[in-house]
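Undergrad: Please see the structure below; I have some questions.
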Amino acid sequence: MTSITFEISGQVAFITLNRPDKLNSFNREMALTLGSRLDECASLHEVRAVLITGAGRAFSAGQDLAEIVGPNAIGMDKILGEQYNPIVTRIRNLPKPVVAAVNGVAAGAGANLALCCDIVIAARSASFIQAFSRIGLIPDTGGTWFLPRLVGWQKAMGIAMMGDKIGATEAEKLGMVYKVYEDEEFSGASRALAAVLAEMPTRALAFTKHAFNSSASNPLEAQLLLEDELQQKAALTRDHKEGINAFLDKRAPLFTGE
Ligand code: T3D
């Protein structure tokens, strides 16, 4: 059984973490394959949005803990440096929207994989656990960067240190999640949301992502200059012209991502 399934449908790349019997926890092969699939998403012109979800009842339980003990254990330097960090970097730099569709429990690196995506949606029964402190580790996969930015310093510190389970309803209130859908409608709603994103002006969304990424470290003056630069680029796109023409013609726009 392949640990990652990959399907392109209607300009959306669907990536499914697929080790359901181990709650889609990451072994090395699965992490490296996810990285390669993200590269494909970046290079394939026909892909205009990416959706990451999990097979079965979990999104992902993070690192496969069986792989880090025993004589064949994989070193921590390889786990972060070669597996999780490149995944986070790829997602943040991918010039297309990436949706995390959190269908069930998301723990450890699985939780932070979700939180580094552009839009996080969750099924009502899903949950997030910064499980690291329970096993004497620190939040990785970008958790110490994304969590305080999403929920504020105090909540982030509490969630990280206590390692408690945050249900989807609370996660939405805290700002970790864009929207929660009832379990029965989650699969359809997440596919529909990704399909909408894939039909939007892809380059404007990529510029938006670039601007948000930079805002984390830019002072206001530098950010205003960056907005100016990116807006000028957006204004030259075919999709911008189409958006204006469609508005004036009183019709729905047909964006092509150019
Ligand atoms: O060196 C480094 O590790 C650096 C990298 C760190 C990154 C990290 O992600 S560290 C954090 C790793 N993740 C965890 O600590 C979470 C461990 N899992 C759990 O706490 C629980 O499984 C959950 C709260 C996520 C779900 O609980 P529950 O009761 O719904 O399911 P379960 O019965 O615990 O698990 C079901 C099966 O999945 C079970 O296998 P079995 O007994 O049926 O054969 C369980 O062992 C397996 N499983 C769940 N999580 C993992 C796992 N197997 C390997 N690794 C896992 N992380």
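The values are calculated or read from the model by the stated rules, or taken from the named source; none is laboratory data. In this text, all values refer to a predicted model and were calculated from it rather than measured experimentally. Positions of Cβ are backbone-derived with ideal geometry, glycine not excepted, and every protein chain shown enters the neighbour counts. Protein only, heavy atoms only, side chains kept; ligands, DNA and RNA dropped before computing areas. Shrake-Rupley method; radii C 1.70, N 1.55, O 1.52, S 1.80 Å.
Undergrad: With a cut-off of 20 Å, note down the residues of the range 134-150 whose backbone N falls inside the zone around a label point 7 Å from the Cα of S217 toward its beta carbon.
TA: So the set is 140-150.
Undergrad: Picking from A61, P20, P95, whose Cα lies most toward the positive end of the charge dipole for the range 1-115 (charges on Cβ: Lys, Arg +1; Asp, Glu -1)?
TA: Checking the options against the dipole of the range 1-115, the answer is P95.
Undergrad: For the range 7-48, which GluC sites (Glu not before Pro) are both in a DSSP coil and crowded by at most 15 other Cβ atoms within 10 Å?
TA: Qualifying residues, ordered by number: E46.
Undergrad: According to a simple spin-label model (label point 7 Å from Cα along Cα-to-Cβ), what is the distance in nm between R28 and N72?
TA: Between N72 and R28, the label points sit 1.0 nm apart.
Undergrad: Using heavy-atom solvent-accessible surface (probe 1.4 Å) with all chains present, what is the largest-first order of D21, D140, D183?
TA: D21, D183, D140
Undergrad: If you consider only alpha-carbon coordinates, what radius of gyration and Dmax does the range 208-258 have, in Å?
TA: Looking at the range 208-258, its Cα Rg and Dmax stand at 13.9, 41 Å.
Undergrad: Could you state the accessible area per residue of the range 202-249 in Å², with a 1.4 Å probe and every protein chain left in place?
TA: Per residue, the range 202-249 has 67 Å² of solvent-accessible surface.
Undergrad: So, one more: Can you tell me the dipole magnitude for the range 202-249 around its Cα centre, using point charges on the Cβ only (Lys, Arg +1; Asp, Glu -1), in Debye to the nearest 20?
TA: Value, rounded to 20: 200 debye.
Undergrad: Continuing with this model, one more query. Mind counting lysine pairs for me in the chain? Cα separation below 26 Å, and the two need to be 8 or more apart along the chain or on different chains.
TA: Here the count comes out as 19.
Undergrad: So if I average 1/r over every pair of distinct C-alpha atoms in the range 125-258 and take the inverse, what Kirkwood radius in Å does that give?
TA: Taking the inverse mean of 1/r over all distinct Cα pairs, the range 125-258 comes out at 18.0 Å.
Undergrad: Once fully extended, how much extra length lies between E185 and I135, figured as 0.36 nm per residue of separation less the alpha-carbon to alpha-carbon distance?
TA: 14.5 nm
Undergrad: I've got another one for you. If each Cα of the range 4-198 is one equal point scatterer, what is log10 of I(q)/I(0) from the Debye formula at q = 0.14, 0.19 Å⁻¹?
TA: Treating every Cα as an identical point scatterer, log10 I(q)/I(0) equals -0.72, -1.38.
Undergrad: Could you tell me which of A211, A171, I74 has its Cα farthest along the dipole of the chain towards the positive end, charges placed at Cβ (Lys, Arg +1; Asp, Glu -1), taken about the Cα centre?
TA: A171
Undergrad: To continue, here is another question. When the accessible area of the range 116-258 is computed with all protein chains present and a 1.4 Å probe, what percentage of it is carbon and sulfur?
TA: About 61 percent, which is the carbon plus sulfur part of the accessible surface.
Undergrad: Taking the Cα centre of the range 168-255 as origin and charging only Cβ (+1 Lys, Arg; -1 Asp, Glu), how large is the dipole, in debye to the nearest 20?
TA: In debye, rounded to 20, the range 168-255 gives about 400.
Undergrad: Here's a follow-up. Which three extents, in whole angstrom, do the alpha-carbon atoms of the range 113-184 cover along their principal axes, largest first?
TA: So the extents along the principal axes, rounded to whole Å, are 36, 21, 20.
Undergrad: With r defined as the distance between the Cβ atoms of F6 and N245 and R0 fixed at 41 Å, what FRET efficiency is calculated, to the nearest 0.05?
TA: The pair F6/N245 has a calculated efficiency of 0.70.
Undergrad: To the nearest 20 Debye, how big is the dipole of the chain about its Cα centre, given +1 on the beta carbon of each Lys and Arg and -1 on that of each Asp and Glu?
TA: That gives a dipole near 160 debye.
Undergrad: What trypsin sites (Lys or Arg not before Pro) in the range 194-236 are in a loop by DSSP, with at most 10 other Cβ atoms within 10 Å of the Cβ?
TA: Counting only loop positions with at most 10 other Cβ atoms within 10 Å, none of the trypsin sites (Lys or Arg not before Pro) in the range 194-236 qualifies.
Undergrad: Amide H to amide H under 5 Å from N27: which residues, 5+ apart in sequence or cross-chain, H placed 1.01 Å off N in plane?
TA: D64
Undergrad: Hey, any idea what % of the range 6-110's accessible area is carbon plus sulfur with a 1.4 Å probe?
TA: So the carbon and sulfur contribution to the accessible surface is 54 percent.
Undergrad: Whole angstrom only: what separates the Cα centroid of the range 221-256 from the Cα centroid of the range 89-150?
TA: The two parts, judged by their Cα centres, are 31 Å apart.
Undergrad: Enter the accessible area per residue of the range 4-198 (Å², integer; probe 1.4 Å; all protein chains in place).
TA: On a per-residue basis, the range 4-198 sits at 43 Å².
Undergrad: Per DSSP H run of n ≥ 4, the term is -39500 (n - 2.57); total these for the chain, divide by its residue number, and report the mean residue ellipticity at 222 nm rounded to 500 deg cm²/dmol.
TA: Taken over the chain, the calculation gives -14000 deg cm²/dmol.
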